[in-house]
Amino acid sequence: MRLTIGAWATIGCTALLCLRLGPSLAQPPGTPLPEGIRGGSELVPEPHVEIRHYRFAETGEDLPYSVFVSSKIKPGKKAPLIVALRGYTGTTLTFVRGTTVDLAEEGGYILVGPIGYNNRAGFGVQARPRIAGNEVATAPPPPARPPPPLVGGTAETDPALVTEYSEKDVMNVLAKVRAELDVDDRRIYLMGHSQGGSGARHLAEKYSEIWAAVALLAPAPFGAEPTAASKILNVPILITVGDQDSLRPSAKMFSEQLKALHANVDYREFPGLDHGTIILGSQPDVFAFFAKHVKGASSKP
């Protein structure tokens, strides 16, 4: 993916805005959800959801990830896998809860939530400061409410290494799950929200041969601009965003850039949803999209 200063200026949401949004990315208590959508805790795992840990070799820390395995998965039968990437300050349970778990159970999926080294790191994408004219903006003002605590690794603080480790953590967890469970390699899916949406876009580009389809939920743009050589064009993509979300213009622009390059992209806006409610509110569409895509097979009608 190619990054240009022009893209920074035109996309509208920059790293600065995303950092300001950060404390509200995790679903706040009491936020209304669409009818039929079940919420859930980002702190306490639901029944049959496990929080596991593994030793991250580069720092010697134990990093968490969450796992849900549908009861419909039978021994010896390969199952589809969804890797779900939290937004800034989220947890391994940001997706692995509520309606997402219900749909995974119903569809016979394995659902996994890596932390991405820690819950500030960008899954291979390092946030950059906003460019305003010829000046680089300084740190954003303090948030309206205290941010959630840091979750995951803390031993490494160098931004470049933290970004690298964030990507590596996702790929480590993916490798562990594929080794431990009977995963259908034709049906491995990736989704991410906000910062995790930006990370999912990056991982879809870098490891395009893995994913059967990718869903970007209100993705933070961070100035990415696809080209005709981008490998993400080989992956079916769903982009969802609420019409009450300030990231809507940038999500739509990215969709239009992909469409201009003849990508297999489906863009959907959800009336009444905002940056938080899109996480669970768009899950029925996400699962329906994934169900249509199997690597090496024609899309289902």
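Quick one: which of Lys259/Lys292; Lys176/Lys231; Lys78/Lys292 span more than 22 angstrom between C-alpha atoms? Correct reply: Lys176/Lys231. Here the peptides 168-174, 243-249 are ranked by packing, the mean other Cβ count within 10 Å, and the order with the highest first is 168-174, 243-249. In terms of its Cα atoms, the stretch 192-271 spans 34, 23, 22 Å along the principal axes, sorted from long to short.
Binning the C-alpha pair distances of the stretch 28-93 at 10 Å intervals from 0 yields a P(r) profile of 15, 38, 34, 12, 1 %, listed from the shortest bin outward.
Of the accessible area of the stretch 155-230, computed with a 1.4 Å probe over protein heavy atoms only, carbon and sulfur atoms account for 49 percent.
Apply the Debye scattering formula to the stretch 253-301, with a single equal point scatterer on each alpha-carbon and no solvent, then give log10 I(q)/I(0) at q = 0.14, 0.16, 0.25 Å⁻¹. Listed by q, the Debye log ratios stand at -0.48, -0.62, -1.05. Here is the list for the stretch 145-215: GluC sites (Glu not before Pro) lying in DSSP coil, each with at most 15 other C-beta atoms within 10 angstrom of its C-beta, are Glu209.
The values are calculated or read from the model by the stated rules, or taken from the named source; none is laboratory data. If you're wondering where the values come from, they're calculated on a predicted model, not measured in any experiment. Note that we place each Cβ from the backbone using ideal geometry, even for glycine, and neighbour counts take in every protein chain shown. These accessible areas exclude ligands, DNA and RNA; they are computed on the full protein's heavy atoms, side chains included. Shrake-Rupley method; radii C 1.70, N 1.55, O 1.52, S 1.80 Å.
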